[in-house]
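Presented below is the structure to which this report refers.
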Number of protein chains: 2
Amino acid sequence: MEDVAARVGVSRALVSLVFRDAPGASPRTRERVLRAAEELGYRPDSAARVLASSRSRVLGVVLTVHNPFHADLVEAVYPEAERLGYDILLSAQAPTRHVRAAVEALLGHRCEALLLLGPDTDPAFLRETARRAPVVSVGRRFPGADVETVHTAEAKGVRLAVRHLAGLGHRRITHIDGGTGAGSAERRRGYRDAMRGLGLGDFVRVLRGDHTEESGAAAARLLLAEERLPTAVLAGNDRCALGLLDVLSRAGVRVPEDVSVVGFDDIPVARLSHVDLTTVRQDVPGMAAAAVATAVNRLEDRSSALRETVLAPELVVRGTTAAPREGAREPGR
Amino acid sequence: MEDVAARVGVSRALVSLVFRDAPGASPRTRERVLRAAEELGYRPDSAARVLASSRSRVLGVVLTVHNPFHADLVEAVYPEAERLGYDILLSAQAPTRHVRAAVEALLGHRCEALLLLGPDTDPAFLRETARRAPVVSVGRRFPGADVETVHTAEAKGVRLAVRHLAGLGHRRITHIDGGTGAGSAERRRGYRDAMRGLGLGDFVRVLRGDHTEESGAAAARLLLAEERLPTAVLAGNDRCALGLLDVLSRAGVRVPEDVSVVGFDDIPVARLSHVDLTTVRQDVPGMAAAAVATAVNRLEDRSSALRETVLAPELVVRGTTAAPREGAREPGR
DNA sequence: GCGCTCTACTAGAGCGCTCCAGGGGCCAAG
DNA sequence: CTTGGCCCCTGGAGCGCTCTAGTAGAGCGC
């Protein structure tokens, strides 16, 4: 910085000012400073910057690196953060690496706020973390944990799916739930309510699962071993639906002719032509934008109240749902 | 830090020393400092640390966030880095975000070296980046780009797969390649060589593809439209194999009875019971360890020569390969 | 000419840490 | 009793920036 200043013949402060895009330098000088910096290969040091300004303008994101839905969110977070002048740093949560470790790393690198994607942790830890920095939980609710929340109206999404299926003539609609996965409890409840709301209370059936392909496969094997299949299955998420589809198709069960399948999330694989999964799409750009905006808002106004942003999901009808076969219909219909 | 020092009744320097785990403090004092810090909720500020020491001990990792193989690598990188006392920062590459942006972010945050996972970029950019910091390209070779390289012996992996298939009696073994994907050119060449080496040169057939499920699906549709299927397909990677399997099974083609399928990578989905894909496993822990070690070694000895670490792959035989049906055998066998 | 404002720029004090050059005790050897 | 060495510990100068308070000088109205 000293060198750049010397080369242009101004003070260090002026150079600093130019690099901060702060007012107070003439266009001509600004231009000369920039050129000198270019020539000398000077790039401001973010550590020093952070230290001096006690602001880093960095948001930390904790993701489960194996989760395709998180991948979508991360991708959507970047442009939004950039728009607001923030930088993004990622840290991974994994079976072998607790959220705690990811949070420590991020905070240690001066992230001003944290976006936790479907964090697999306890409210106590979040409450504690929230005292250190604004925390936004994306996709998972933590009542009473003092964190900002951005999530989809899960129940509504499930309702859309159930109505779609019922509208096609399905009654025996089984739900494979997502266990303790993000949003899973809400989806399970939403399913029960939607079924009852349509007078299908007697057909309610929930299979335990989680948000992986494996659990969908397991559910499929369980169903195949029974006397007859349900006419439709509502999976806890797309990955579960994928596992289900795979095992069903290998067993010679045709989708959607023999059984209809609906997922949740609308991850990229679901859109592939050969999968063509009917699913409930979460508003990824909306969630990313809301998460970033919430964090930034909180940063700029510490006293602001906790927000809960709920985004509307959307049913995307593709090729895995159709009317049940005649023979599969309930008698007396 | 001042506060902690005051509370214990020592100097700031002593506190610094304790937190750096540097020798020169008695166990008793060390203990007291740590307790005081705990009570006051003091945590050293990494920005200041970095600034003062002009070392950050942070490695930057650029990954394609949608890539399950990268997810595996990232997970394996953490423990290795921790062992050597380094921190990891992630930045994503995506269709909407060039490697360049990820690299800038990481370097701006004082990463001392960069691990690029199968970077989708040009040698010129890498050469330029390598002048700024040690760069390790994982899974993709860049001859002449002055970067460290860690990759699998792709040709060997393919050879193992081809031999396995040939050993089962297959001759019409088709390869769906990975286009410009990481390692793809080597795999393609390896396939050709292996086929010729087994006297199967006449059966060489390469279908253009890329490293996505979609390309596997497309290849499957193409094959299904032909007079007869090959008896075995060697996909460019697991994702491609997955797309292929999916379309085949929906078309009523049984795997491995009607056609055998082999993937490459051994990503988590491949191991799932319902997929049970025979594949060539890349040594993920080995690659992660080598990548970290190479970066650290380079950091500690700037003058060290560029290394290329080649790891042996391993054939994992699962349920998608078997001997070809009698009828499918070549006449005259 | 004076006082005023406004623009363009500067000096210098931090930000929170590391690290080096010591400085006292204390003990064993001479 | 000295000397040397070792162990613990301290003071203070940076690291590369930001930011506040302030200066110089130009332009303006009266």
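The values are calculated or read from the model by the stated rules, or taken from the named source; none is laboratory data. Bear in mind the structure is a predicted one, so any value in this text is a computation, not a measurement. Here the Cβ positions follow ideal geometry from the backbone for every residue, glycine too, while neighbour counts run over all protein chains shown. SASA here: full protein model, heavy atoms, side chains in, ligands and nucleic acids out. Shrake-Rupley method; radii C 1.70, N 1.55, O 1.52, S 1.80 Å.
Points to keep in mind about this one:
- In sequence order, the stretch B:189-198 has phi-based couplings of 5, x, 4, 4, 4, 5, 4, 4, x, 9 Hz under the Karplus curve 6.51 cos²θ - 1.76 cosθ + 1.60, θ = phi - 60°, and Gly or Pro positions carry x.
- Scanning residues 5 or more positions from B:I176 or on other chains, those with amide H under 5 Å from its amide H are B:L207, B:L234, B:A235, B:G236, with H placed 1.01 Å from N in the peptide plane.
- With only Cα atoms counted, the stretch B:162-249 has Rg and Dmax values of 12.1, 32 Å.
- Those trypsin sites (Lys or Arg not before Pro) in the stretch B:47-80 that DSSP places in a loop and that have at most 11 other beta carbons within 10 Å: B:R55
- Considering only Cα atoms, the convex hull volume of the stretch A:103-224 works out to 119 Å³ per residue.
- Approximate shape of the stretch B:140-294 as ellipsoid semi-axes (Cα gyration tensor, √5λ), whole Å, largest first: 26, 17, 14
- Amide H partners (placed H, <5 Å) of A:V316, local residues excluded: A:T279, A:V280, A:R281
- Percent accessible area from carbon and sulfur atoms, the stretch A:244-317, protein chains only, probe 1.4 Å: 50
- Around the Cα centre of chain B, unit charges on the Cβ atoms of Lys, Arg, Asp and Glu (plus for the first two, minus for the last two) sum to a dipole of about 460 debye.
- Karplus (6.51, -1.76, 1.60) ³J(HN,Hα), θ = phi - 60°, over the stretch B:128-134, in Hz, Gly and Pro reported as x: 5, 5, 4, 6, 8, 6, x
- With Cα atoms, 0 to 90° folded angle of helix B:27-40 axis to chain B main axis: 80
- Of the accessible area of the stretch B:1-44, computed with a 1.4 Å probe over protein heavy atoms only, carbon and sulfur atoms account for 48 percent.
- Exercise: per-residue mean of other protein chain Cβ atoms within 10 Å, B:208-218: 2
- Here's the picture: charge each Lys and Arg Cβ at +1 and each Asp and Glu Cβ at -1 in the protein assembly as shown, and of B:V296, A:G24, B:V150 the one pushed furthest to the positive end of that dipole is A:G24.
- Per-residue mean of C-beta atoms belonging to partner chains within 10 Å, peptide B:263-276: 4
- Extended-chain gain in nm, criterion 0.36 nm per residue less alpha-carbon gap, A:R189 and A:L84: 34.1 nm
- Value of relative contact order over the stretch B:103-214, rounded to a whole percent, pairs C-alpha under 8 Å and six or more apart: 20
- Cα-based Kirkwood hydrodynamic radius, the protein assembly as shown, one decimal, Å: 27.4
- Estimated vicinal HN-Hα couplings, Hz - the stretch B:272-277 in sequence order (Karplus 6.51, -1.76, 1.60; Gly, Pro = x): 4, 4, 7, 9, 6, 7
- Accessible area (Å², per residue) of the protein assembly as shown, counting only protein heavy atoms and a probe of 1.4 Å: 42
- For peptides B:123-132, A:177-186, A:24-33, sequence by mean Cβ density within 10 Å, most packed first: A:177-186, B:123-132, A:24-33
- Inter-chain neighbour count for A:102-109: the average number of beta-carbon atoms from partner chains within 10 Å of each residue's beta-carbon is 4.
- Inter-copy label distances at B:V204 (7 Å, Cα→Cβ; nm, one decimal): 6.4
- Largest first, the three principal axis extents of the alpha carbons in chain B are 90, 40, 34 Å in whole numbers.
- Copy-to-copy label distances for B:V253, where each label lies 7 Å from Cα along Cα-to-Cβ, are 2.4 nm in order of increasing length.
- In the stretch B:1-133, Rg over Rh equals 1.12, where Rg is the alpha-carbon radius of gyration and Rh the Kirkwood radius from pairwise Cα distances.
- Per-copy distances of the A:E39 label point, shortest first, in nm (7 angstrom along Cα→Cβ): 5.8
- Rounded to the nearest 500, the 222 nm mean residue ellipticity of chain B from helices alone is -13500 deg cm²/dmol, with -39,500 (n - 2.57) taken per DSSP H run of at least 4 residues.
- For the pair B:R221 and A:R132, label points projected 7 Å from Cα toward Cβ lie 5.0 nm apart.
- Take the accessible area of B alone and of A alone, subtract that of the pair with a 1.4 Å probe, and the total buried over both chains is about 4100 Å².
- Mean Cα-pair separation over length for chain A, i.e. relative contact order, pairs under 8 Å, 6 or more apart, %: 16
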